[in-house]
Amino acid sequence: MFVSLHRYLYIINTRELINFANETGTSQHLSNDNIMMNIGDKAPEILGKDEQGRDIRLSDYRGRKLVLYFYPKDNTSGCTSEACSLRDHYGALQAQGYEVVGVSKDSAASHQKFKEKHQLPFPLIADVDKTLMEAMGAWGEKNMYGKKVMGTIRTTFVINEEGIIEQILQGKQIKTKEHAEQILEKTT
(Lines give C-alpha, C1' and ligand atoms only; values in the text may rest on other atoms or scores of the structure.)
Protein backbone atom coordinates (compact mmCIF):
# COMPACT_ATOMS: atom_id res chain seq x y z
CA MET A 1 0.00 0.00 0.00
CA PHE A 2 1.40 3.40 -1.02
CA VAL A 3 1.32 6.12 1.63
CA SER A 4 2.11 9.64 0.47
CA LEU A 5 4.94 11.48 2.19
CA HIS A 6 2.41 14.07 3.36
CA ARG A 7 0.23 11.41 5.05
CA TYR A 8 3.30 9.64 6.47
CA LEU A 9 4.53 12.84 8.12
CA TYR A 10 1.09 13.41 9.67
CA ILE A 11 1.11 9.87 11.04
CA ILE A 12 4.57 10.39 12.54
CA ASN A 13 3.57 13.78 14.00
CA THR A 14 0.39 12.27 15.47
CA ARG A 15 2.26 9.33 17.01
CA GLU A 16 4.78 11.70 18.57
CA LEU A 17 1.92 13.76 20.02
CA ILE A 18 0.29 10.63 21.48
CA ASN A 19 3.61 9.36 22.89
CA PHE A 20 4.29 12.77 24.46
CA ALA A 21 0.80 12.84 25.97
CA ASN A 22 1.24 9.33 27.38
CA GLU A 23 4.64 10.23 28.87
CA THR A 24 3.34 13.43 30.48
CA GLY A 25 0.04 11.99 31.70
CA THR A 26 -2.12 14.15 29.44
CA SER A 27 -3.34 11.30 27.26
CA GLN A 28 -6.98 11.48 28.40
CA HIS A 29 -7.60 13.86 25.48
CA LEU A 30 -5.86 11.74 22.85
CA SER A 31 -6.44 8.34 21.32
CA ASN A 32 -5.36 6.62 18.13
CA ASP A 33 -8.98 6.51 16.94
CA ASN A 34 -10.12 10.09 17.42
CA ILE A 35 -7.49 12.69 18.16
CA MET A 36 -8.89 15.96 19.44
CA MET A 37 -6.79 19.01 20.13
CA ASN A 38 -7.57 21.02 23.24
CA ILE A 39 -6.81 24.47 24.59
CA GLY A 40 -3.18 24.43 25.73
CA ASP A 41 -2.10 21.83 23.16
CA LYS A 42 0.56 22.55 20.56
CA ALA A 43 -0.90 22.54 17.06
CA PRO A 44 0.67 20.13 14.53
CA GLU A 45 3.66 21.45 12.58
CA ILE A 46 2.51 20.11 9.22
CA LEU A 47 -0.80 21.64 8.23
CA GLY A 48 -1.04 20.59 4.58
CA LYS A 49 -0.91 21.92 1.02
CA ASP A 50 -2.76 25.01 -0.08
CA GLU A 51 -4.68 25.67 -3.29
CA GLN A 52 -1.38 26.34 -5.12
CA GLY A 53 0.24 23.11 -3.90
CA ARG A 54 2.49 24.94 -1.42
CA ASP A 55 3.30 23.30 1.90
CA ILE A 56 1.76 25.15 4.83
CA ARG A 57 3.46 24.66 8.19
CA LEU A 58 2.77 26.05 11.63
CA SER A 59 6.34 27.41 11.71
CA ASP A 60 5.46 29.61 8.70
CA TYR A 61 3.44 31.66 11.21
CA ARG A 62 5.96 31.70 14.07
CA GLY A 63 5.71 35.00 15.90
CA ARG A 64 2.18 35.62 14.62
CA LYS A 65 -1.18 34.37 15.81
CA LEU A 66 -3.15 32.06 13.55
CA VAL A 67 -6.85 31.54 12.94
CA LEU A 68 -7.08 27.98 11.58
CA TYR A 69 -10.66 27.40 10.54
CA PHE A 70 -12.26 24.19 9.26
CA TYR A 71 -15.35 24.38 7.08
CA PRO A 72 -17.42 21.72 5.28
CA LYS A 73 -17.51 22.77 1.62
CA ASP A 74 -16.50 25.49 -0.83
CA ASN A 75 -19.29 27.62 -2.32
CA THR A 76 -22.03 26.63 0.12
CA SER A 77 -23.96 29.42 1.82
CA GLY A 78 -22.63 29.05 5.37
CA CYS A 79 -19.05 28.39 4.30
CA THR A 80 -19.09 31.32 1.89
CA SER A 81 -20.49 33.62 4.60
CA GLU A 82 -17.77 32.51 7.00
CA ALA A 83 -14.96 32.99 4.46
CA CYS A 84 -16.31 36.41 3.43
CA SER A 85 -16.54 37.52 7.06
CA LEU A 86 -12.88 36.63 7.53
CA ARG A 87 -12.03 38.34 4.20
CA ASP A 88 -13.94 41.51 5.08
CA HIS A 89 -12.20 41.79 8.46
CA TYR A 90 -8.81 40.47 7.35
CA GLY A 91 -7.18 43.88 7.87
CA ALA A 92 -8.53 44.12 11.42
CA LEU A 93 -7.36 40.57 12.15
CA GLN A 94 -3.89 41.34 10.78
CA ALA A 95 -3.79 44.56 12.83
CA GLN A 96 -4.26 42.35 15.92
CA GLY A 97 -1.40 40.08 14.76
CA TYR A 98 -3.47 37.30 13.17
CA GLU A 99 -3.11 35.38 9.95
CA VAL A 100 -5.91 33.16 8.61
CA VAL A 101 -5.82 29.71 7.03
CA GLY A 102 -8.94 27.82 5.92
CA VAL A 103 -9.21 24.03 5.66
CA SER A 104 -11.73 21.75 3.98
CA LYS A 105 -11.69 18.40 2.22
CA ASP A 106 -12.29 20.06 -1.16
CA SER A 107 -9.65 19.74 -3.87
CA ALA A 108 -7.01 22.35 -4.64
CA ALA A 109 -8.85 23.16 -7.89
CA SER A 110 -12.11 23.76 -5.98
CA HIS A 111 -10.23 25.98 -3.51
CA GLN A 112 -8.66 27.99 -6.35
CA LYS A 113 -12.09 28.73 -7.82
CA PHE A 114 -13.59 29.52 -4.41
CA LYS A 115 -10.69 31.81 -3.51
CA GLU A 116 -10.81 33.65 -6.85
CA LYS A 117 -14.61 33.99 -6.89
CA HIS A 118 -14.69 35.53 -3.41
CA GLN A 119 -11.28 37.26 -3.52
CA LEU A 120 -10.03 35.54 -0.38
CA PRO A 121 -6.62 36.90 0.73
CA PHE A 122 -5.61 33.85 2.78
CA PRO A 123 -4.58 30.28 1.89
CA LEU A 124 -7.01 27.34 1.81
CA ILE A 125 -5.65 23.90 2.65
CA ALA A 126 -6.97 21.04 0.52
CA ASP A 127 -7.22 18.27 3.14
CA VAL A 128 -8.73 15.74 0.73
CA ASP A 129 -7.66 12.75 2.83
CA LYS A 130 -8.97 14.43 6.03
CA THR A 131 -5.63 13.97 7.81
CA LEU A 132 -5.51 17.39 9.47
CA MET A 133 -9.25 17.39 10.17
CA GLU A 134 -8.98 14.04 11.95
CA ALA A 135 -5.85 15.07 13.86
CA MET A 136 -7.49 18.27 15.06
CA GLY A 137 -10.88 16.70 15.84
CA ALA A 138 -12.71 18.57 13.08
CA TRP A 139 -13.93 15.40 11.37
CA GLY A 140 -16.53 13.23 13.03
CA GLU A 141 -20.15 12.35 13.55
CA LYS A 142 -22.64 15.19 13.32
CA ASN A 143 -26.36 15.69 12.84
CA MET A 144 -27.48 16.79 9.41
CA TYR A 145 -31.19 17.21 8.79
CA GLY A 146 -31.94 14.84 11.66
CA LYS A 147 -29.53 12.11 10.50
CA LYS A 148 -26.19 11.21 11.99
CA VAL A 149 -23.47 11.46 9.34
CA MET A 150 -19.68 11.65 9.23
CA GLY A 151 -18.40 15.01 8.05
CA THR A 152 -16.46 18.17 8.74
CA ILE A 153 -17.36 19.74 12.05
CA ARG A 154 -17.14 23.51 11.59
CA THR A 155 -14.29 24.40 13.96
CA THR A 156 -11.96 27.34 14.48
CA PHE A 157 -8.70 27.15 16.42
CA VAL A 158 -7.08 30.37 17.57
CA ILE A 159 -3.37 29.63 17.92
CA ASN A 160 -0.86 31.90 19.64
CA GLU A 161 2.60 33.00 18.47
CA GLU A 162 4.22 29.89 19.97
CA GLY A 163 1.83 27.47 18.22
CA ILE A 164 -0.32 26.80 21.30
CA ILE A 165 -4.11 26.58 20.93
CA GLU A 166 -5.69 29.39 22.95
CA GLN A 167 -9.30 29.14 21.87
CA ILE A 168 -11.60 26.69 20.09
CA LEU A 169 -14.96 27.56 18.57
CA GLN A 170 -17.05 24.72 17.23
CA GLY A 171 -20.41 23.95 15.65
CA LYS A 172 -23.24 26.22 16.75
CA GLN A 173 -20.84 28.52 18.62
CA ILE A 174 -19.77 29.83 15.21
CA LYS A 175 -21.91 32.52 13.62
CA THR A 176 -20.74 32.27 10.02
CA LYS A 177 -21.77 35.80 8.96
CA GLU A 178 -20.08 37.32 12.02
CA HIS A 179 -17.20 34.92 12.52
CA ALA A 180 -14.36 37.44 12.27
CA GLU A 181 -16.11 39.70 14.78
CA GLN A 182 -16.46 36.74 17.15
CA ILE A 183 -12.72 36.10 16.97
CA LEU A 184 -11.85 39.77 17.44
CA GLU A 185 -14.23 40.10 20.42
CA LYS A 186 -12.85 37.09 22.21
CA THR A 187 -9.23 38.03 21.67
CA THR A 188 -9.23 41.72 22.59
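Points to keep in mind about this one:
- Residue check, Asp106 in contact with a helix residue (DSSP H, G or I) (Cβ under 7 Å, 6 or more places away or on another chain) and either at pLDDT below 95 or of a type in the set (Asp, Glu) (or both): no
- Residues of the range 153-166 satisfying the condition of being of a type in the set (Ser, Thr, Tyr) and either outside any strand (DSSP E or B) or in contact with a Gly (Cβ under 9 Å, 6 or more places away or on another chain) (or both): Thr155
- Search result, residues across the range 110-131 that are over 24 Å from Glu45 (Cβ atoms) and of a type in the set (Phe, Trp, Tyr): Phe114
- Thr14 being surrounded by fewer than 12 Cβ atoms within 10 Å (Cβ to Cβ), within 20 Å of Gly163 (Cα to Cα) and at pLDDT below 95: no
- Any hit, the range 104-124, residues being touching a Gly at 6+ places or on another chain (Cβ under 7 Å) and outside any helix (DSSP H, G or I): yes
- For beta carbons closer than 9 Å, sequence separation of 6+ or different chains, a first residue in the range 167-188 that is over 18 Å from Val103 (Cα atoms) and in contact (Cβ under 8 Å) with a residue 24 or more places away in the chain and a second that is of a type outside the set (Gly, Ala, Ser) and surrounded by fewer than 17 Cβ atoms within 10 Å (Cβ to Cβ), the qualifying pairs are Glu181/Lys175; Leu184/Gln96; Lys186/Gln167; Thr187/Gln96; Thr187/Glu166; Thr187/Gln167; Thr188/Gln96.
- Among the residues of the range 109-149, those identified as of a type in the set (A, V, I, L, M, F, W, C), surrounded by fewer than 16 Cβ atoms within 10 Å (Cβ to Cβ) and modelled with pLDDT of 95 or more are Ala109, Val128.
- Summed over the range 61-95, residues that are outside any loop (DSSP other than H, G, I, E, B), basic (Lys, Arg) and under 14 Å from the mean Cα position of the chain (by Cα) total 1.
- Scanning the range 38-60 for residues that are surrounded by fewer than 14 Cβ atoms within 10 Å (Cβ to Cβ) and part of a helix (DSSP H, G or I) gives a single hit, Ser59.
- Cross-chain or 6+ apart pairs with Cβ under 6 Å, the range 80-92 first and touching a residue at least 60 places away in the same chain (Cβ under 8 Å), then among the small types (Gly, Ala, Ser): Ser85/Ala180; Leu86/Ala180; His89/Ala180
- Test: residue in the range 132-149 that is closer than 27 Å to Gly40 by Cβ, in contact with a Gly (Cβ under 7 Å, 6 or more places away or on another chain) and either in contact (Cβ under 8 Å) with a residue 60 or more places away in the chain or among the polar types (S, T, N, Q) (or both): yes
The values are calculated or read from the model by the stated rules, or taken from the named source; none is laboratory data. In this text the structure is predicted, and so the values were computed from the model without any measurement. Heads up, the Cβs are rebuilt from the backbone with ideal geometry, glycines too, and the neighbour counts pull from every protein chain shown.
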